[in-house]
Amino acid sequence: MRPMGKTRRLLSVALGGAALAAALTAPAHAHGQDDDGGDARDSARSAPTWQLTGTGTDARFRGLSTVSHSTAWVAGSKGTVLRTVDGGRDWRNVSPPGAGQLEFRDVRAFDARRAVVLAIGDGEASRVYRTEDGGATWTESFRNTDPKAFYDCLTFFDHRHGLAVGDPVDGKYRILSTADGGRSWKVLPSAGMPAAQPGEAAFAASGQCLVSSGPRDAWLATGGGATARVLHSADRGLTWTAAESTIPAGDPARGVFGLAFRDRRHGIAVGGDYRAGQPSPRAAALTGDGGRDWRPAAGPVAAYRSGVAWLPHSRAAALAVGPTGTDLTTDGGRTWRTVDTGSYDTVDCTPDGGCWAAGEKGRVARLAR
């Protein structure tokens, strides 16, 4: 949709991630179960807090991709791409040359050297760049030539296969596909895509309007139409089914803004109304069947939220972020509580226990405990 407006290193990767999940969830005096019988206690010792890092820029970062607790990439306004490999102590400006007029809204990093970034906008403003040397050089691998197309988000199933989504063209969402790590892209046939609702589009707010889990499953979040929907593909974008979420829509500023799936069944949706000061009731939902059915959170997020991420090695804990704060769930998305009031647009976590958030005025933070 058109633009709107430390974690301490422990003994091992698995131990570090599990300890973080346990440390960030609320104490449980009674045992709870998630949808498939998992223990929802994750007995916690403290609430999460964000530790800001100095980026040296005032760009707004809606694109974030974390590789580890020490390595992360952010992409944002004024064609800005930054990378850290030391936990945020130093950020290196690795922006593509000549990209200062572009709005980067998504980035997917495979490691400290390889990453793909997406610029949004009408016509040729929608582009994809790829680097294989940590941002020292970039290759433009896609430039949109359709004046009716506007790309929003991208996702990767693995190091080779990925998708990018654009707002509806001739009544259907436009899907790009790559099978070579983003070096080349092709537009997929639209025959397997359900018709879009009038006014419906995807929000380029956090890089999470298109997400994936496993080798073939992808989900697309929508808003702006009569209902906010989540579309699902089980074949890497060739065919899609649509399900209504419980998040209110009916206005160009309302709908589902961010999705996160911890496996191909369990997902969380967040959103609301992005306009400052507008209420966002029922702005969180969850699914346990891969997105066929969505149910509202019994205790939803406090306000509009654009980004969401599952905590590593937890089947019950996740974070949601937005301009007015961060919310935490410890029961798989059923209930949420506000744990921070700083402004962030997007959030991402890695299996080794690294969680990062990014947003306006150059804000990038790492989760501390």
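In segment 83-103, what residues are in a strand (DSSP E or B) and under 18 Å from Leu118 (Cβ atoms)?
If the condition is that a residue be in a strand (DSSP E or B) and under 18 Å from Leu118 (Cβ atoms), then Arg83, Glu103 are the ones that fit.
Among the residues of segment 243-281, how many are assigned to a strand (DSSP E or B), over 18 Å from the mean Cα position of the chain (by Cα) and of a type in the set (A, V, I, L, M, F, W, C)?
Summing the residues that are assigned to a strand (DSSP E or B), over 18 Å from the mean Cα position of the chain (by Cα) and of a type in the set (A, V, I, L, M, F, W, C) in segment 243-281 gives 1.
Cβ-Cβ under 6 Å, sequence separation 6+ or interchain: first residue in segment 316-331 and among the polar types (S, T, N, Q), partner surrounded by fewer than 24 Cβ atoms within 10 Å (Cβ to Cβ). Which pairs?
Filtered contacts from segment 316-331: Thr324/Ala303; Thr326/Val339; Thr326/Asp340; Thr330/Ala26.
Report the residue count in segment 106-129 for those that are under 19 Å from the mean Cα position of the chain (by Cα) and either among the acidic types (Asp, Glu) or buried (at least 20 other Cβ atoms within 10 Å of the Cβ) (or both).
15
Being in contact with a strand residue (DSSP E or B) (Cβ under 7 Å, 6 or more places away or on another chain), assigned to a loop (DSSP other than H, G, I, E, B) and crowded, with 23+ Cβ neighbours inside 10 Å is true for just one of Ser190, Ser206. Which residue is that?
Details: Ser190 fails: crowded, with 23+ Cβ neighbours inside 10 Å.
Criteria check complete, one pass: Ser206.
Every number in this text was worked out from the coordinates using simple rules, so none of it is lab data. Note that this is a predicted model, so its numbers are computed, not measured. A quick note on method: Cβ atoms are made from the backbone with ideal geometry, for glycine too, and the neighbour counts reach across all protein chains shown.
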